[in-house]
1. Assuming VAL297 fulfils every condition listed in (1) farther than 17 Å from VAL340 by Cβ; (2) crowded, with 16+ Cβ neighbours inside 10 Å; (3) out of contact with any helix residue (DSSP H, G or I) (no Cβ under 8 Å at 6 or more places or on another chain) apart from one, which condition is it?
2. Among the residues of the stretch 310-344, write down those that are more than 21 Å from VAL269 (Cβ to Cβ) and of a type in the set (Ser, Thr, Tyr).
3. Which condition number in (1) closer than 19 Å to ASN339 by Cα; (2) modelled with pLDDT under 95 is the one that ALA170 fails?
4. Just one of LYS186, LYS221 is basic (Lys, Arg), crowded, with 16+ Cβ neighbours inside 10 Å and farther than 21 Å from ASN152 by Cβ; which is it?
5. I'm trying to understand the selection: among the residues of the stretch 259-288, which are at pLDDT 85 or above and over 19 Å from GLU329 (Cα atoms)?
6. State which residue is modelled with the highest pLDDT when the search covers only the stretch 329-342 and only residues that are surrounded by 22 or more Cβ atoms within 10 Å (Cβ to Cβ) and of a type in the set (A, V, I, L, M, F, W, C).
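The values are calculated or read from the model by the stated rules, or taken from the named source; none is laboratory data. All values reported here derive from a predicted model rather than from experimental measurement. Ideal geometry is used to build each Cβ from the backbone, glycine not excepted, and the neighbour counts take in all protein chains shown.
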Amino acid sequence: MAKEKKAKKAANPEMVKAIISAVTAVLCVVAVVITSVSITGQICDANLEIAEKSAASAGSVSGSVSSDDSSSYVDDSTPVVDDSTATPDADAPADDSTADSNTAATPDANAPADNSAASTGAPVGNDIAKIVAYYNTAANNTKAYKGTMKLNILQGTTSKITKSSLPNVAVEVANGLLPNDYPTKKTFTVKNGQGEGYNERKKENESKPLNDILPIDGSPKMSTLAPAGVKSAKCEKVANGYKVTLVLKQEVIHSLDDKPKHHFSCMDVLDITSDDIKPFTAKQFDITYPGATLTAVINDKNLLTEFDVNEPVLVDGVCSMAPIVNNAEIFIDASWKQNVKFAY
């Protein structure tokens, strides 16, 4: 679902180029088959270089939300509430009025902040609003933690073209270039918000602030999820704390320049724009998030000890690159998976 980091602040540098890799790989292969004109070769060389770089990085798919909020997700049970908190930024509150404890929850090295969720007990059961507020508080406490923590991360993308109007040989070559890097292992030791780690796939050291290691990338908040985006929620007692399971509602977006607001509020998502796929033109791009599952374990200090995301993404695209390729259809079945284990 991405390259590790780019100069501009991306919503998810781990997943940023997956669909670029797919589209450019397929269309460039076809372009080579159709014509041997030198300019075509130059264009394909450039775009295949993009595809190869993104396939070599830890990529991941994601999407965006349309301006018509009613079409961005399927609301099958929960009344829609004010989603103004669903677009994360540094100043946004962690959630709605049920999560007031977030404002005071800033743990330090010696004494993680106490708050009502930790002192009164977890909301065991299936109350979506209470469980979302409880999770937001714990997730944001964790990202604000200033002591020493160790992270063991397993993450990556699976992706495959399942249908296309292009020749089979082109699809086979393109599938070989798609990012399939799950599982990629990373370890970080974080002190006072700064992480030093090692990427086993790249076999190199990494240095990143915690804000860029955990979602939402670049934000001090790990989650501003609203109950309106959640299809079901469950909180249960486990041996080492409380386990929260959230299943998000389906979101469908129709532009590379959009974001799926509820998925984007609590996990990494695709972050590409129409400019990123030039010289190709996106005639149609329907990106469906069927509904990711987010699971977390929260300890008695209201900090995460485990965070797990399974995020399927379905892409239906029609692209052109005149005069070589016109209205090429591509269907991609992909997923982003991420598991983080925390030790304090």
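1. With respect to (1) farther than 17 Å from VAL340 by Cβ; (2) crowded, with 16+ Cβ neighbours inside 10 Å; (3) out of contact with any helix residue (DSSP H, G or I) (no Cβ under 8 Å at 6 or more places or on another chain), VAL297 is out only on (1).
2. SER320, TYR344
3. The failed condition is (1).
4. Checking each option against the conditions leaves just LYS221.
5. LYS259, PRO260, LYS261, HIS262, HIS263, PHE264, SER265, CYS266, MET267, ASP268, VAL269
6. VAL340
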